[in-house]
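Here's the structure we're looking at; comments come further down.
The values are calculated or read from the model by the stated rules, or taken from the named source; none is laboratory data. Here the structure is a predicted model, which is why all the values come from computation and not from measurement. Note that we place each Cβ from the backbone using ideal geometry, even for glycine, and neighbour counts take in every protein chain shown.
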Amino acid sequence: MAPAATKQSKKLRILVMPFFATSHILPLTDLSFHLAAVRPDDVEVIVATTPANAHIVQSALARREPSHASVEVATYAFPVVDGLPRGVENMSTVKAEDSTRLEMAATNEALMRPAQESLIREISPDAIVSDLHFFGWNAGIAFELGIPCVLFNVVGIFPTLATWRLALSGNVKDTPPGSSVTVPQFPAPEISLPVTELSEFLRNPPVFDDETGAQYMMLLKSCGFISNTFFDLEREYCESYDDSGYTKRTYCVGPLALPMPPPARAGSGRPACLDWLDTMPTHSVVYLCFGSLTNFSEAQLDELALGLEASEVPFLWVVRVKTWEPPVGWKERVGNRGMVVMGWAPQTDILQHLSVGAFVSQCGWNSVLETIAAGVPVLTWPMVFEQFVTERFVTHVLRIGERLWPEGAGRRSTRSAEHDVVPGKAIAQSVAKFMEKGGAAEAARRRVMELSPKAHAAMAEGGTSNRDLHQLIDDFIGARASAAGTATS
């Protein structure tokens, strides 16, 4: 149902529409907060999602400092799908047996568009921010209704530009299996990837006829493009993307998770993992978390457990597979040197803790921004989507981390069936070497600590991302005034 914000208001009303995954909902909710917070007298924002996802938005807003920002939540119905239980509406929490049905429904325009279009017409917003990767059709609805629409990209400019360059080159489809491709027309350094490490969008591209493809590009170019990044992080790639003409305008508005709330203090309600971190030496702990969309096999979890044990390095490990049990005797052998958190952990608090010395990450863009903001070096372990491309940005461009599994040691792939199990011995060697005194982690930490203040400065008043937030609002206000002038002429 639509919120009370549908009544007449002089404020600019922006409707924000995230995809059904926590890794999409959170940054778009953060964007909503910032849009309302930087101009509270001018802007009100409505985040639209399905009922089972509304609490994620509400919880994210509740963690923000009290302000005069006006952000509400509207809901629309998720379609009834044969075989999919009611209330299963989030890709980050769905059971494995339901994930395919959920993804097919959530990305099906014929199923999703009617409810979304109905809500758009009911709210009648002044502007729309829609998730680029899955809800691109909302740009078409906005175009039909004469509403300005900007598409939000949950990944950085680097992986986005690389993906588009490869897609438009047509090089991937002609590359033999087992070969690599080099991203064409790309700022240095040269970036090459095995075909197995490319997203499905490139490996098995959708088939568009000439008319459909032309319509899609027209809509894309008629919209602005918001990226959760900051200019000083991806300067050359931002400039190259702007020059490409893929979109009307690019707004770099991140890291949207900033400012990070202060870490929870000791006392009742504080997560036990933070109390455990308090007992560990500075920069001694390896933190492992692989995001909300990565699913390890039990065989890989076993190897990871044995590798962490053999590394002799203190670790804090977040495991999403709640049914997994470590090898017999493992907990006793590891003792207090390691801690396992099942399900969820306060990642921003953990990364800010002084005892954390490295982050083993899947290279999801949200995690990359969080580790940069906190100044923590990375051991990379990409698994799906564009994460292998983002890994090159972390290791080759920023040089704030290294691959956990050395190149050539085994096959990696965006398809789980093609991805080799990383052996425990390799994990142990990589973690121990990275964390040793005078090792790669120390050099990577120096580099990421140079980036951290730039991330915070970008979001501060007058920073590059703050200015782009204001520019986005000004552009929306200008579009509303132009539409009003046209209507009265």
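Structure values in brief
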| item | result |
| --- | --- |
| Index of the failed condition, Gly291 passing every other in (1) at pLDDT 95 or above; (2) part of a loop (DSSP other than H, G, I, E, B) | (1) |
| Members of region 41-53 found to be under 22 Å from Gly291 (Cβ atoms) and under 19 Å from the mean Cα position of the chain (by Cα), listed by number | Val47, Thr49, Asn53 |
| Among the candidates Ser284, Ser297, Ser311, residue that is in contact with a Gly (Cβ under 7 Å, 6 or more places away or on another chain), touching a residue at least 60 places away in the same chain (Cβ under 8 Å) and at negative phi | Ser284 |
| Scope region 33-55; condition closer than 18 Å to Phe152 by Cα and either in contact with a Pro (Cβ under 9 Å, 6 or more places away or on another chain) or of a type in the set (Lys, Arg) (or both); matching residues | Ile46, Val47, Ala48, Thr49 |
| Condition check for Val38: buried (at least 21 other Cβ atoms within 10 Å of the Cβ) and within 23 Å of the chain's Cα centre (by Cα) | no |
| Unique residue being outside any helix (DSSP H, G or I) and in the same structural domain as Gly307 (by TED's automatic domain parsing) when the list is Val397, Val422, Val389, Val448 | Val422 |
| Odd one out for Ala479, checked against (1) part of a loop (DSSP other than H, G, I, E, B); (2) at pLDDT below 95; (3) assigned by TED's automatic domain parsing to the domain that holds Ser192 | (1) |
| Selected residue (criterion: nearest to the chain's Cα centre (by Cα)) from residues of region 341-372 that are part of a helix (DSSP H, G or I) and of a type in the set (S, T, N, Q) | Asn366 |
| Condition met for Asp232 (in contact (Cβ under 8 Å) with a residue 40 or more places away in the chain and not small (Gly, Ala, Ser)) | yes |
| Identity of the residue in region 341-352, among the hydrophobic types (A, V, I, L, M, F, W, C) and closer than 21 Å to His283 by Cβ, that ends up surrounded by the most Cβ atoms within 10 Å (Cβ to Cβ) | Ile350 |
| Unmet criterion (only one of (1) within 21 Å of the chain's Cα centre (by Cα); (2) under 16 Å from Gln300 (Cα atoms)) for Arg403 | (2) |
| Single residue of region 306-340 satisfying the filter (among the hydrophobic types (A, V, I, L, M, F, W, C) and assigned to a loop (DSSP other than H, G, I, E, B)) that is surrounded by the most Cβ atoms within 10 Å (Cβ to Cβ) | Val313 |
| Residue selected from region 98-139 under the condition hydroxyl-bearing (Ser, Thr, Tyr) and part of a helix (DSSP H, G or I), by the criterion surrounded by the most Cβ atoms within 10 Å (Cβ to Cβ) | Ser99 |
| Qualifying positions in region 440-458 - under 16 Å from Thr380 (Cα atoms) and among the small types (Gly, Ala, Ser) | Ala440, Ala441, Ala443, Ala444 |
| One residue from Thr282, Thr229, Thr294 being within 16 Å of Ala374 (Cα to Cα) and assigned by TED's automatic domain parsing to the domain that holds Trp324 | Thr282 |
| Subset of region 202-232 that is surrounded by fewer than 18 Cβ atoms within 10 Å (Cβ to Cβ) and modelled with pLDDT of 85 or more - its residue that is nearest to Thr395 (Cα to Cα) | Asp232 |
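Per-residue answers, yes or no, for (1) in contact with a helix residue (DSSP H, G or I) (Cβ under 7 Å, 6 or more places away or on another chain); (2) under 19 Å from Met459 (Cβ atoms); (3) at pLDDT 95 or above; (4) buried (at least 23 other Cβ atoms within 10 Å of the Cβ):
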site	(1), (2), (3), (4)
Trp365	yes, yes, yes, yes
Thr371	yes, yes, yes, yes
Ala374	yes, yes, yes, no
Leu379	yes, no, yes, yes
Met383	no, no, no, no
